[in-house]
Protein chains: 2
Amino acid sequence: MADDDVVDADAALVAGQKPPSHTERLNRERVVDAALTHIDEQGLAGLSMRRLGSTLGVEAMALYRHVAGKEELLDAVVEHLMASMWRDEEITQEPVHGWQDFLQRLAHGVRRVALAHPKAFPLVASRPTEAPWLRPPLRSLDWVEVFLRGLTEEGFTDEAAVAAYRAFTSFLLGHLLLEVSLRGADVGPLDVLEPADDDASLDGFPLVRRLRPGLSEDRASVEFEESLESLLDRLTLVRTEHLER
Amino acid sequence: MADDDVVDADAALVAGQKPPSHTERLNRERVVDAALTHIDEQGLAGLSMRRLGSTLGVEAMALYRHVAGKEELLDAVVEHLMASMWRDEEITQEPVHGWQDFLQRLAHGVRRVALAHPKAFPLVASRPTEAPWLRPPLRSLDWVEVFLRGLTEEGFTDEAAVAAYRAFTSFLLGHLLLEVSLRGADVGPLDVLEPADDDASLDGFPLVRRLRPGLSEDRASVEFEESLESLLDRLTLVRTEHLER
DNA sequence: GCCCTACGTTTACAACGTAAACATCCCGCT
DNA sequence: AGCGGGATGTTTACGTTGTAAACGTAGGGC
């Protein structure tokens with residue numbers, strides 16, 4: 001990305017635009033981008049205005065010309081994350097083959113975002129939404145509109161579409177939060193205690209001890225797929241129930 | 001609870017024990033309890049060691065004799081929350097009528113805890129578990145053992161019980177996090193702007209505008225019930241599939 | 001060429017988590 | 001009963017945080 005900046009600067013020069021006085025000027029987008037990569041690399045707790053400023057070669061207070069404060073910055077990161085899904089041509093480009101295909105693509109799109117930014121995704125779940133009837137992770141008006149359009153165009157009644165929104169968001173939140181908490185967890189001090197990890201006196205817990213290998217397996221992908229399939233089955237029922245009424 | 005303290009002190013006097021020098025002595029339980037009620041009342045962000053100390057009539061540093069630090073205190077609050085479910089006689093007392101009854105009681109028990117402490121419950125979801133194969137909200141060895149025992153005793157194979165654990169935790173996390181974020185949200189400045197809440201230019205979002213009444217309804221309870229029912233149906237399949245194999 | 005405005009810096013303050021040294025009180029021992 | 005020592009709470013202090021306010025400064029429109 002540092003290379004990108006250099007390239008961009010050169011291109012700007014060739015195009016006859018302003019040569020950067022010292023480095024490229026700050027703007028809201030650069031601040032938000034830097035915040036996201038900082039969270040990706042150092043974790044949410046490692047983000048402070050001062051540190052973020054210094055990675056941008058700038059004093060902390062400079063950031064306040066572009067974001068209103070830390071809270072608003074975090075909201076902007078969330079917005080940026082969900083907005084990045086618009087560039088996902090599998091969702092916005094390809095024609096849709098039925099509502100099940102549509103929900104599959106949406107679900108996988110959100111999952112891609114979550115897995116690309118495991119340390120940042122919890123923000124999508126925990127920041128308050130701008131209206132109480134918006135639910136993470138589909139928390140922007142744009143995505144809710146897309147969601148409702150996708151379903152009502154495919155024969156869902158209004159009530160069924162709303163019910164589907166609720167079920168879909170609950171599903172995504174539960175699965176993705178658990179998955180990113182696995183993948184985003186900082187690998188411990190890399191202790192050699194790995195082999196001795198069944199030591200810690202699982203003596204009172206015979207079933208846990210016996211099933212620990214199974215519990216430790218990474219089944220996140222198939223678990224997601226199967227639960228999604230099951231949800232779609234349920235929504236099939238919801239849809240036809242509301243139609244017959 | 002302040003009354004309780006007085007009563008306890010009097011009882012202690014009658015029983016011939018130490019009269020409290022000034023107020024009751026501090027101990028870990030009082031600290032954790034106070035932290036929980038502080039979070040319930042002021043929200044997680046409003047909790048600081050100094051403020052918590054002063055509600056206990058004590059200097060901030062006194063807390064460090066009883067908890068190792070703020071992080072450990074939050075972990076203790078989470079532990080306390082989930083441990084409080086043991087006193088739920090509907091879970092631990094009554095005999096179980098089949099695994100579906102068992103899971104229903106467990107689910108409702110966790111939900112009761114979540115709804116009783118909407119501001120604190122997100123901690124149950126966000127604090128790291130002590131092992132990567134433990135998943136919120138059933139994140140203690142005790143509860144996982146109970147869970148696995150309840151299912152294996154009812155004819156689940158080891159693999160099916162593990163699959164059920166994954167599905168059950170995802171379900172609870174998604175639904176309860178969304179529900180408490182509704183009920184725990186600080187009611188805004190109580191603006192009179194309530195009636196004008198469809199104002200904010202929903203013009204680009206016709207479907208959202210049309211379905212907003214439906215989206216605003218509080219369907220949390222029936223949504224929970226229906227999703228739980230659907231999950232139990234799915235687990236019925238999982239169970240018999242693994243048996244036939 | 002000059003000025004205004006947008007941008008970045010400096011300085012400052014209150015609040016935070018917590019380490020270290022200190023005071024104090026209570027309990028068990030002889 | 002007296003005393004010694006460990007447990008408990010306080011004081012002081014340090015570094016870090018978010019951010020308000022005043023200040024410089026540089027660059028583009030007239």
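Within 30 Å of residue B:44 (Cα to Cα) and crowded, with 16+ Cβ neighbours inside 10 Å: does that describe residue A:125?
Answer is yes for this residue.
Can residue A:126 be described as of a type in the set (Ser, Thr, Tyr), over 11 Å from the mean Cα position of the chain (by Cα) and under 20 Å from residue A:39 (Cα atoms)?
So residue A:126 passes the test.
Can you give me the number of residues within region B:45-78 that are within 16 Å of residue B:127 (Cα to Cα), more than 8 Å from DNA strand C (Cβ to nearest atom) and buried (at least 16 other Cβ atoms within 10 Å of the Cβ)?
Total satisfying the criteria: 5.
Which helices (runs of 4 or more DSSP H) sit wholly inside region A:23-139 and have at least 3 residues that are within 12 Å of DNA strand D (Cβ to nearest atom) and on the phi < 0 side of the Ramachandran plot?
Per the criteria, A:28-42, A:49-55, A:70-83.
Exactly one of these conditions fails for residue A:81: (1) at pLDDT 95 or above; (2) exposed (fewer than 15 other Cβ atoms within 10 Å of the Cβ); (3) out of contact with any Gly (no Cβ under 6 Å at 6 or more places or on another chain). Give me its number.
Of the numbered conditions (1) at pLDDT 95 or above; (2) exposed (fewer than 15 other Cβ atoms within 10 Å of the Cβ); (3) out of contact with any Gly (no Cβ under 6 Å at 6 or more places or on another chain), the odd one out for residue A:81 is (2).
Return a yes/no flag: does region A:109-128 have any residue that is within 15 Å of DNA strand C (Cβ to nearest atom) and away from chain B (no Cβ under 14 Å).
Taking every residue of region A:109-128 in turn, none turns out to be within 15 Å of DNA strand C (Cβ to nearest atom) and away from chain B (no Cβ under 14 Å).
The values are calculated or read from the model by the stated rules, or taken from the named source; none is laboratory data. On a predicted model such as this, the values are computed, not experimentally measured, just so you know. Neighbour counts are summed over all protein chains in view; Cβ atoms, including those assigned to glycine, are modelled from backbone coordinates with ideal geometry.
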